[in-house]
1. Sort out which residues of the range 90-115 are over 12 Å from Arg177 (Cα atoms) and surrounded by 18 or more Cβ atoms within 10 Å (Cβ to Cβ), and write them in order of number.
2. Could you go through the range 130-137 and let me know if any residue there is crowded, with 23+ Cβ neighbours inside 10 Å, β-branched (Val, Ile, Thr) and more than 11 Å from the ligand (Cβ to nearest atom).
3. Might you let me know whether the range 139-148 holds any residue that is more than 16 Å from the ligand (Cβ to nearest atom), of a type in the set (Lys, Arg) and over 13 Å from the mean Cα position of the chain (by Cα)?
4. Looking for whichever is modelled with pLDDT of 95 or more, of a type in the set (A, V, I, L, M, F, W, C), surrounded by fewer than 18 Cβ atoms within 10 Å (Cβ to Cβ) and under 27 Å from Glu206 (Cα atoms) here; the options are Phe172, Phe118. Which one fits?
5. Which of the residues belonging to the range 172-210 are of a type in the set (D, E, K, R) and farther than 13 Å from Asp107 by Cα?
6. Do we find that Ser125 is among the polar types (S, T, N, Q), modelled with pLDDT of 95 or more and more than 26 Å from Ser68 (Cβ to Cβ) in this structure?
7. What is the number of the single condition among (1) away from the ligand (no atom under 16 Å from the Cβ); (2) in a loop (DSSP other than H, G, I, E, B) that Val201 does not meet?
8. Anything in the range 149-176 that is within 14 Å of the ligand (Cβ to nearest atom) and either closer than 19 Å to Val190 by Cβ or of a type outside the set (Val, Ile, Thr) (or both)? List them, or say none.
Amino acid sequence: MSNVSVDATESAHNENQPENNTRRRFLTVATSVVGGVGAVGAAVPFIASWNPSARAKAAGADVEVDISGIEPGQLIRVMWRSKPVWVVRRTPEILEQLGKHEGELKDPNSEAEQQPVFAQNRFRSLKDEYLILVGICTHLGCSPQHLKGGAFEEIVEGVPDGFFCPCHGSKFDMAGRVFQNVPAPLNLVVPPYQFVDDATVIIGSEAEAV
Ligand code: FES
């Protein structure tokens with residue numbers, strides 16, 4: 001298994017995040033390409049030139065993320081299959097918000113197939129605390145901004161936290177559920193994932209049913 005260091009901060013990596021130097025915190029997230037393809041590529045670079053399947057595997061490999069350093073309310077981003085994936089640690093206050101605006105959402109019960117079955121719930125997650133989403137707007141593919149701590153109320157009255165896509169004004173709550181009267185047709189995608197333990201999540205595959 002190879003270790004791939006990813007600087008994953010809310011602000012530094014991200015067109016998503018408004019500048020807020022007082023809150024900026026840097027967090028290095030150690031991710032791993034499961035299966036060791038990356039390690040081979042790093043140690044013996046020429047292998048990729050004669051073994052194209054190794055690159056193909058890396059492009060589709062699961063990604064292991066250490067979530068132990070994510071602070072309450074913080075969003076980090078990792079790359080999975082060339083897509084940005086957000087991991088957000090939601091506070092009890094953020095979770096409480098989710099039940100208060102469901103009448104303003106297009107698909108509050110996640111009936112469209114935008115998530116694994118395990119995430120077809122109000123929180124759209126395996127563990128309430130952690131929201132994991134593909135950070136790509138379901139309209140035309142921009143990357144929405146994470147607005148928090150009351151900043152989202154300028155976009156949706158009475159909702160302190162959420163995601164706003166400035167390209168054409170789509171709005172999503174802290175479960176990635178899309179609000180009504182915006183161009184995005186669907187909730188944000190929840191990728192397949194599983195927790196290995198309290199500090200580690202693998203993005204790209206689900207635990208097998210027992
Ligand atoms: S791409 Fe997000 S609103 Fe159009």
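The values are calculated or read from the model by the stated rules, or taken from the named source; none is laboratory data. On a predicted model such as this, the values are computed, not experimentally measured, just so you know. Here the Cβ positions follow ideal geometry from the backbone for every residue, glycine too, while neighbour counts run over all protein chains shown.
1. Arg90, Ile94, Gln97
2. yes
3. Looking for residues that are more than 16 Å from the ligand (Cβ to nearest atom), of a type in the set (Lys, Arg) and over 13 Å from the mean Cα position of the chain (by Cα), one finds at least one in the range 139-148, hence yes.
4. Within the list Phe172, Phe118, the selection yields Phe118.
5. Residues satisfying the conditions are Asp197, Asp198, Glu206, Glu208.
6. no
7. So the condition that Val201 fails would be (2).
8. Across the range 149-176, the qualifying residues are Gly162, Phe163, Phe164, Cys165, Pro166, Cys167, His168, Gly169, Ser170, Lys171, Phe172, Gly176.
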